[in-house]
């Protein structure tokens, strides 16, 4: 049985997510929380397989919940669920230890796919997360977008461009474009170089 935690300060959202998840016979929502502090307490107590956590909650943000779950070394994958389509927020989420980022507007199409990816311990990023290849900071060539960081991480883990596209809901051509953009920004010219960068940047620990 796969166990889930749902954390959102709106009861209607929690009810809707519960209804979607419990359509699967072997999926069970074992805890709910209406603020970040309670979400963390429930994660510690119940240790669910997946925590679906809203970014904007009282007492503690979803990103901080993800960070604390990682610090506590809980066996819980975190999905940040938000209305905010922000490159910076997505980057913060992944750096904090979340492994999936889904916009609430994409939930009907992508939520189950994101959950299934997390259950397989694979990252997932909503289609609307970002498709731009621009740097987050124009003066910092090493500053990759959230999706580019994921692409580099997956390359270092041995995934092909085709597999990366499937994991991140991208075409192979777009996955290749993100790879090329990352290599250009980092001034790296080989897969081995990307792997060395991923190790130095601790991307493989996320």
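So the values come out like this:
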read-out: Verdict on residue 108 being surrounded by fewer than 17 Cβ atoms within 10 Å (Cβ to Cβ) and in contact (Cβ under 8 Å) with a residue 24 or more places away in the chain; value: no
read-out: From 194, 168, residue being within 15 Å of the chain's Cα centre (by Cα) and crowded, with 19+ Cβ neighbours inside 10 Å; value: 168
read-out: Count - residues of segment 147-158 that are modelled with pLDDT under 85 and in contact with a helix residue (DSSP H, G or I) (Cβ under 8 Å, 6 or more places away or on another chain); value: 2
read-out: Odd one out for residue 115 among (1) crowded, with 18+ Cβ neighbours inside 10 Å; (2) modelled with pLDDT under 80; value: (2)
read-out: Within segment 1-55, strands (runs of 3 or more DSSP E) holding 2 or more residues that are within 19 Å of the chain's Cα centre (by Cα) and either modelled with pLDDT of 95 or more or under 20 Å from residue 122 (Cβ atoms) (or both); value: 2-7, 50-54
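The values are calculated or read from the model by the stated rules, or taken from the named source; none is laboratory data. Model, not experiment: these values are computed from the prediction. As a convention, Cβ positions derive from the backbone with ideal geometry for all residues, glycine included, and neighbour counts pool all protein chains shown.
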